[in-house]
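Here the structure is laid out as structure tokens; the discussion comes afterwards.
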Amino acid sequence: MRRLTKKERVIMDYYWTYGPMFIRELQDHYPDPKPSFGTLSNQVRTLQADGFMSHKAYGTNYQYFPVVGREEYSKSGISGIVEEFFSSSYSSVVMSFIRDEKLSVEELEKIINEIRQENKS
């Protein structure tokens, strides 16, 4: 699954939060100055072509809805980053966090204990 652009991510966040919407309804959620109807329509149709969205027709109007969930997208994004930058090694990711002091040894030990507790359940 490809990564969303920042503008596409904003659109998906609106759909994930509010559910199915027509383009005008999507446009209403934006602060001023709002993007044009045509711009949003093109971006949503691109998201649909890439498999993120689908639609239901109501005459000549289309109500769009996400077919990829926020959690599914997040997981694929993390997997893509690990694959691309860490040769698919999650332990390399953890070591990077420790080296960059984003994760302390104490925090890592806490995570290990939580994993052990999960595995006992």
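Overview of values
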{"read-out": "Residue identified as touching a helix residue (DSSP H, G or I) at 6+ places or on another chain (Cβ under 7 Å) and of a type in the set (D, E, K, R) among Lys110, Lys34", "value": "Lys34"}
{"read-out": "Every residue from segment 10-24 that is of a type outside the set (Lys, Arg) and either free of Cβ contacts under 8 Å to residues at least 12 places away in the same chain or out of contact with any Pro (no Cβ under 8 Å at 6 or more places or on another chain) (or both)", "value": "Val10, Ile11, Asp13, Tyr14, Thr17, Tyr18, Gly19, Pro20, Met21, Phe22, Ile23"}
{"read-out": "Sole residue being surrounded by 14 or more Cβ atoms within 10 Å (Cβ to Cβ), at pLDDT below 95 and under 18 Å from the mean Cα position of the chain (by Cα), chosen from Met53, Met12, Met1", "value": "Met1"}
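The values are calculated or read from the model by the stated rules, or taken from the named source; none is laboratory data. If you're wondering where the values come from, they're calculated on a predicted model, not measured in any experiment. Quick reminder, even Gly has a Cβ in these numbers, built from the backbone with ideal geometry, and neighbours come from all protein chains shown.
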